[in-house]
1. Given contacts defined as C-alpha pairs under 8 Å and at least six residues apart, what's the relative contact order of the chain, whole-number percent?
2. Calculate how steeply helix 198-209 sits against the longest principal axis of the alpha-carbon atoms of the chain, using the helix alpha-carbon long axis, and give the answer as 0 to 90 degrees to the nearest 10.
3. Let me have the 222 nm mean residue ellipticity of the chain computed from DSSP H runs of 4+ only, each contributing -39500 (n - 2.57), with the sum over all residues rounded to the nearest 500.
4. Take the alpha carbon gyration tensor of the range 22-236, find the square roots of its eigenvalues, order them as a ≥ b ≥ c, and report rounded if a/c is under 1.5; if not, report prolate when a/b exceeds b/c, else oblate.
5. If you fit an axis through the alpha-carbon atoms of helix 241-254 and take the longest principal axis of the Cα set of the chain, what angle between them do you get, 0 to 90°, nearest 10?
6. Relative to the longest principal Cα axis of the chain, at what angle does helix 378-390 sit, 0 to 90 degrees, rounded to 10?
């Protein structure tokens with residue numbers, strides 16, 4: 001199993017090109033199931049999860065071709081075409097590895113009138129039930145049953161009749177599944193208290209490019225007029241705001257100045273506000289964000305929340321940076337109940353962190369010390385990378401397959417801005 005080895009203490013200076021957003025790409029790929037024409041996605045990140053989802057599409061009868069597959073390329077172009085959907089079952093062996101696989105449920109139901117999808121897997125960061133996915137689809141007219149670890153869904157008469165659903169709590173995945181199910185319904189679908197994340201906007205914009213009728217994009221109420229069919233399109237995946245925020249935290253921990261090429265400040269307001277509060281200098285242009293910092297960060301108080309609040313996917317990275325702060329920070333995790341699994345590993349490096357329920361008190365220390373650590377999930381993995389970049393001595397991060405799910409060629413990008421980092425193959 002691969003390891004990433006970091007010899008810390010180097011400031012980071014230069015520029016990093018931000019890849020296409022993982023969380024958006026995994027939502028756009030299943031849109032290919034909604035039409036028999038080609039859907040071409042540009043700026044698709046080179047990630048294990050993308051490859052895994054492509055394999056799932058292939059199993060369902062969707063052909064995929066990829067351009068830009070040279071080792072030196074960042075990003076790729078994938079064209080997916082589901083001329084004939086040959087299977088409406090997403091099996092356990094695929095879905096258990098990646099929670100995003102549940103997002104084929106809505107498109108298959110919309111186009112084929114039926115779907116059988118295994119309950120999902122993914123990062124072990126707490127209970128992430130799909131009850132809101134199912135309740136939303138039922139409200140739009142689906143008939144559902146669960147048996148032997150699978151969800152079986154049917155549309156009466158083949159197509160969903162449409163309906164209204166109010167999400168009792170904001171759910172990104174459930175909103176995405178409901179949108180994709182609704183675009184080919186017979187009637188009108190209204191989704192209220194819907195998630196407003198930029199990735200949701202990206203999904204809606206792609207579907208509109210395919211011929212969908214969606215009003216209220218970017219708001220908490222979406223009105224979707226179902227259409228008989230969708231056509232193909234070419235669409236560019238949005239830049240990854242979580243990747244950009246992660247590298248910004250690395251600069252805060254190590255010192256230096258990095259231009260995040262392609263990052264969009266308007267999609268990262270909560271992250272930028274927190275960086276500035278912690279002492280960062282942030283300069284935003286139309287197509288990049290420059291983050292600079294010297295000295296130790298300042299302690300701050302943060303609480304995760306649905307967009308436009310502070311993203312749960314940034315909590316672990318901020319914790320690693322704030323472990324070095326001049327002062328005490330308080331972080332509260334409101335989205336997932338088990339997203340502090342990186343704390344014991346950061347403590348091995350000298351961090352002073354106390355977890356009390358959903359809150360963590362982070363008392364800044366003068367410095368961290370390199371140590372062997374083990375990644376537990378995707379964002380926790382990045383927190384250990386950030387800590388290793390700032391620590392004195394050598395840090396060995398194991399189980400980096402988590403990183404490969406969400407960060408495109410991370411060690412190459414960091415090495416280009418001054419980090420002493422390398423991947424070592426266990427083989």
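We did not get these values from a lab; they are worked out from the coordinates using the rules stated. Only a predicted model underlies this, so the values are computations on that prediction, with no experimental measurement involved.
1. Once divided by the residue count of the chain, the mean separation gives 21 percent.
2. 30 degrees
3. Working: 14 runs with 123 residues, N = 427.
Estimated from H runs of four or more residues: -8000 deg cm²/dmol.
4. Details: a/c = 1.39, a/b = 1.25, b/c = 1.11.
Rounded, because the longest to shortest axis ratio a/c is under 1.5.
5. Between the helix axis and the principal axis of the chain, the angle is about 10 degrees.
6. 20 degrees
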